[in-house]
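Every number in this text was worked out from the coordinates using simple rules, so none of it is lab data. Just so it is clear, the structure is predicted and the values come from calculations on it, not from any experiment. Here the Cβ is made from the backbone with ideal geometry for all residues, glycine too, and neighbour counts use every protein chain on show.
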Amino acid sequence: MKLTILGSGTCIPNTKRGSSGYLLETSDSKILLDCGSGTTWKLEQIGINYLEIDHIFFSHIHPDHTGDLAPFLFATKYSHFREREKPLYLWGGKGFTTFFNALKEAYGNWITPDGLNVEELKGGSGDFGDFKITATKVPHIESSQAYKIESEGKTLVYSGDTDYSDSLINLSVNTDLLIIECALANDSYKMRGHLTPNEVIKTINASNPQKVVITHLYSECDEEKVVQTIRNNVDAEVIEARDLLVVNI
Ligand SMILES: [Zn+2]
Ligand SMILES: [Zn+2]
């Protein structure tokens with residue numbers, strides 16, 4: 001599998017970090033994990049035709065993870081001499097179809113390209129031939145879920161936004177790559193629904209992943225050097241997420 005980080009930031013504008021979006025390429029599929037603002041443009045920047053995306057899995061419906069969905073679908077429907085030749089699947093947690101129907105209420109048929117399927121993968125799993133995916137509920141908002149993707153004998157876990165939880169630890173045990181949020185710069189910033197560096201360290205040490213990507217970084221996290229703090233306290237290889245960084249799994 002090949003991961004390209006499209007957005008390593010949050011909802012706050014940041015010249016170096018876009019809102020959440022990750023491209024995962026398996027042998028036969030192109031998958032987006034979240035589609036925050038700017039994701040579609042970043043695909044073009046790395047030479048990936050957005051019409052080749054097969055699946056988008058949403059961790060939850062916060063705008064920094066879904067902001068580019070309507071532009072993505074609008075561009076798919078009115079693709080200007082380029083044609084989409086395969087179905088497109090959108091997946092989310094509980095309430096995702098209600099969210100999509102509300103978006104459709106606002107935009108109508110502008111965002112309903114041919115071959116569009118909208119589904120909820122509530123704590124379930126799916127087998128798509130060249131990859132398998134498992135969703136697990138994590139504590140952030142009602143619809144939030146983390147994903148584990150298995151392909152070619154390797155596994156990747158994406159936390160989405162989350163607080164500290166056993167469900168994320170259990171999903172991540174011995175995974176090859178864990179993409180984990182660290183939204184809070186240190187313990188004094190602690191708020192419900194996000195992780196501090198110490199909670200990320202505890203999660204890594206309890207689940208023993210091979211490699212870790214630290215993401216969803218506010219500018220305070222960069223100033224406080226959270227990635228270095230985490231790196232100093234775990235055995236796994238720790239990678240700082242950066243927009244357009246490629247990680248092979
Ligand atoms: Zn977020
Ligand atoms: Zn969120």
Problem - Residues satisfying the stated conditions in segment 218-248, i.e. surrounded by 15 or more Cβ atoms within 10 Å (Cβ to Cβ), farther than 25 Å from Asn170 by Cβ and either within 16 Å of ligand 2 (Cβ to nearest atom) or among the polar types (S, T, N, Q) (or both) - result: Tyr218, Ser219, Cys221
Problem - Any helices (runs of 4 or more DSSP H) falling wholly within segment 1-79 and containing at least 3 residues that are of a type in the set (Ser, Thr, Tyr) and in contact (Cβ under 8 Å) with a residue 24 or more places away in the chain - result: none
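Whether any residue in segment 125-132 is closer than 20 Å to Leu24 by Cα, of a type in the set (Gly, Ala, Ser) and touching a strand residue (DSSP E or B) at 6+ places or on another chain (Cβ under 6 Å) is what I want to check.
Checking segment 125-132: at least one residue is closer than 20 Å to Leu24 by Cα, of a type in the set (Gly, Ala, Ser) and touching a strand residue (DSSP E or B) at 6+ places or on another chain (Cβ under 6 Å).
Against the condition part of a helix (DSSP H, G or I) and under 18 Å from the mean Cα position of the chain (by Cα), how does Leu168 come out, does it pass?
On the way: part of a helix (DSSP H, G or I): yes; under 18 Å from the mean Cα position of the chain (by Cα): yes.
Considered against the rule, which asks whether it is part of a helix (DSSP H, G or I) and under 18 Å from the mean Cα position of the chain (by Cα), Leu168 comes out as yes.
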Practice task
Being assigned to a loop (DSSP other than H, G, I, E, B) and farther than 21 Å from Lys30 by Cβ is the filter; apply it to segment 80-101 and report the residue that is nearest to ligand 2 (Cβ to nearest atom).
Solution key: Gly93
Fill in the blank from the handout: The one condition Ala146 fails out of (1) of a type outside the set (Lys, Arg); (2) within 16 Å of ligand 2 (Cβ to nearest atom); (3) in contact with a Pro (Cβ under 9 Å, 6 or more places away or on another chain); (4) part of a strand (DSSP E or B) is (3)
Practice task
Report the residue count in segment 65-105 for those that are farther than 25 Å from Ser125 by Cα and of a type in the set (Val, Ile, Thr).
Solution key: 1
